[in-house]
Amino acid sequence: QSALTQPASVSGSPGQSITISCTGTSSDVGGYNYVSWYQQHPDKAPKLVIYEVSNRPSGVSNRFSGSKSGNTASLTISGLQAEDDGDYYCSSFTSGSTVVFGGGTKLTVL
Amino acid sequence: QVQVVQSGAEVKEPGASVKVSCKTSGYIFTYSYGISWVRQAPGQGLEWVGWIYPKNGNTKSAQKLQGRVTLTTDTSTSTAYMEMRSLRSDDTAVYYCARDPGAASFDHWGQGTLVTVSS
């Protein structure tokens, strides 16, 4: 199972919006509405920010939103804040009943 | 509140085995939740290791690790375990366990356990 494809890095200024893409295949992202997104700060465990493509866990800011079209899922963060700086990973359930992660995207808030 | 606490760091020689524990609290362990294991090599991304469903003991592991990893639970202590055998240097990573409420999403994570494989 190959890793999902994410851009290595994205950046934005405070207050702006950014979008991170996550491209898979019809055997993972395109085949199931089981895409999740995680935020990770240095030396910390990942934190779930989006599940089932577009749902936010309790306590996650509504500045985080998710969507999917075909084999590509997207995470959008609006109103960027300094605390959003970090690494972001997508994941998807697969046809083999496993989970595959993306390679990760480093978000820099300028 | 849900808590997930893992065992401490381990240093192992190549070819040895390691067993990492993951103690949970704050929810019903054998309810409709799984436990997934995810690892992260130094400076690298996340890699899914496997999953266990405590209610019936069903497991699934990443194909590349099948045969070397065993996932178990002790329902009396709400603890999950991951054992990896025939360790190699490229198994060096922080190993995380996380609660899986379904839909392959992981909502509560342990603090991570660094496993170092070195001679």
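The values are calculated or read from the model by the stated rules, or taken from the named source; none is laboratory data. If you're wondering where the values come from, they're calculated on a predicted model, not measured in any experiment. Don't worry about glycine lacking a Cβ; one is built from the backbone with ideal geometry, like all the others, and counts go over all protein chains shown.
Mind checking whether some residue in segment A:62-73 is in contact with a helix residue (DSSP H, G or I) (Cβ under 6 Å, 6 or more places away or on another chain), at pLDDT 95 or above and part of a strand (DSSP E or B)?
The answer is no, given that none of the residues of segment A:62-73 is in contact with a helix residue (DSSP H, G or I) (Cβ under 6 Å, 6 or more places away or on another chain), at pLDDT 95 or above and part of a strand (DSSP E or B).
For the structure I just gave you, tell me whether A:Ser58 is of a type outside the set (D, E, K, R) and not in a loop (DSSP other than H, G, I, E, B). First the steps, then the outcome.
On the way: of a type outside the set (D, E, K, R): yes; not in a loop (DSSP other than H, G, I, E, B): no.
The answer is no for A:Ser58.
So in segment A:46-104, with the set limited to residues that are of a type in the set (A, V, I, L, M, F, W, C) and touching a Cys at 6+ places or on another chain (Cβ under 8 Å), which one is farthest from B:Gln1 (Cα to Cα)? Steps first, please.
So the first thing to find is which residues in segment A:46-104 are of a type in the set (A, V, I, L, M, F, W, C), and the list is A:48-50, A:53, A:60, A:64, A:73, A:75, A:77, A:80, A:82, A:90, A:93, A:99-101.
Remaining after also requiring touching a Cys at 6+ places or on another chain (Cβ under 8 Å): A:73, A:75, A:90, A:101.
Details: A:Ala73: 31, A:Leu75: 28, A:Cys90: 26, A:Phe101: 27 Å.
Applying the filter and picking the extreme gives A:Ala73.
Six or more apart or on different chains, Cβ under 9 Å: which pairs go from a residue in segment A:90-110 that's facing chain B (nearest Cβ under 7 Å) and in contact (Cβ under 8 Å) with a residue 12 or more places away in the chain to one that's of a type in the set (Lys, Arg) and assigned to a strand (DSSP E or B)? Could you list them?
So the pair list comes out as A:Thr98/B:Lys60.
So, in segment B:13-40, of the ones that are assigned to a loop (DSSP other than H, G, I, E, B) and in contact with a Pro (Cβ under 8 Å, 6 or more places away or on another chain), which residue ends up surrounded by the most Cβ atoms within 10 Å (Cβ to Cβ)? Outline the logic, then answer.
Start the filter on segment B:13-40 by keeping residues that are assigned to a loop (DSSP other than H, G, I, E, B), which leaves B:13-17, B:26-33.
Narrowing the set further to residues that are in contact with a Pro (Cβ under 8 Å, 6 or more places away or on another chain) leaves B:29-30, B:32-33.
On the way: B:Phe29: 21, B:Thr30: 12, B:Ser32: 11, B:Tyr33: 19.
So, considering only residues that are assigned to a loop (DSSP other than H, G, I, E, B) and in contact with a Pro (Cβ under 8 Å, 6 or more places away or on another chain), the one surrounded by the most Cβ atoms within 10 Å (Cβ to Cβ) is B:Phe29.
Sort through A:Asp87, A:Asp28 and tell me the only one that's under 24 Å from B:Ala103 (Cα atoms), within 11 Å of another protein chain (Cβ to nearest Cβ) and assigned to a loop (DSSP other than H, G, I, E, B).
A:Asp28
Check off (1) surrounded by fewer than 19 Cβ atoms within 10 Å (Cβ to Cβ); (2) more than 10 Å from every other protein chain (Cβ to nearest Cβ); (3) farther than 24 Å from B:Gln63 by Cα for A:Gly66 and give me the number that stays unchecked.
With respect to (1) surrounded by fewer than 19 Cβ atoms within 10 Å (Cβ to Cβ); (2) more than 10 Å from every other protein chain (Cβ to nearest Cβ); (3) farther than 24 Å from B:Gln63 by Cα, A:Gly66 is out only on (1).
With respect to the numbered conditions (1) out of contact with any Cys (no Cβ under 6 Å at 6 or more places or on another chain); (2) β-branched (Val, Ile, Thr); (3) modelled with pLDDT of 95 or more; (4) more than 30 Å from A:Ser9 (Cβ to Cβ), which one is the sole condition not fulfilled by B:Ile28?
(3)
So A:Val10 fits all but one of (1) closer than 25 Å to B:Pro101 by Cα; (2) in contact with a Leu (Cβ under 7 Å, 6 or more places away or on another chain); (3) in contact (Cβ under 8 Å) with a residue 12 or more places away in the chain; what number is the exception?
Checking A:Val10 against (1) closer than 25 Å to B:Pro101 by Cα; (2) in contact with a Leu (Cβ under 7 Å, 6 or more places away or on another chain); (3) in contact (Cβ under 8 Å) with a residue 12 or more places away in the chain, the one that fails is (1).
Given the structure, is B:Thr75 surrounded by fewer than 18 Cβ atoms within 10 Å (Cβ to Cβ), in contact with a strand residue (DSSP E or B) (Cβ under 6 Å, 6 or more places away or on another chain) and away from chain A (no Cβ under 13 Å)?
no
Given the condition in a loop (DSSP other than H, G, I, E, B) and either among the hydrophobic types (A, V, I, L, M, F, W, C) or in contact with a helix residue (DSSP H, G or I) (Cβ under 8 Å, 6 or more places away or on another chain) (or both), answer yes or no: does some residue in segment B:41-60 qualify?
Looking only at segment B:41-60, we keep the residues that are in a loop (DSSP other than H, G, I, E, B), and these are B:41-45, B:54-57.
Restricting the remaining residues to those that are either among the hydrophobic types (A, V, I, L, M, F, W, C) or in contact with a helix residue (DSSP H, G or I) (Cβ under 8 Å, 6 or more places away or on another chain) (or both) gives B:41.
Yes, some residue in segment B:41-60 is in a loop (DSSP other than H, G, I, E, B) and either among the hydrophobic types (A, V, I, L, M, F, W, C) or in contact with a helix residue (DSSP H, G or I) (Cβ under 8 Å, 6 or more places away or on another chain) (or both).
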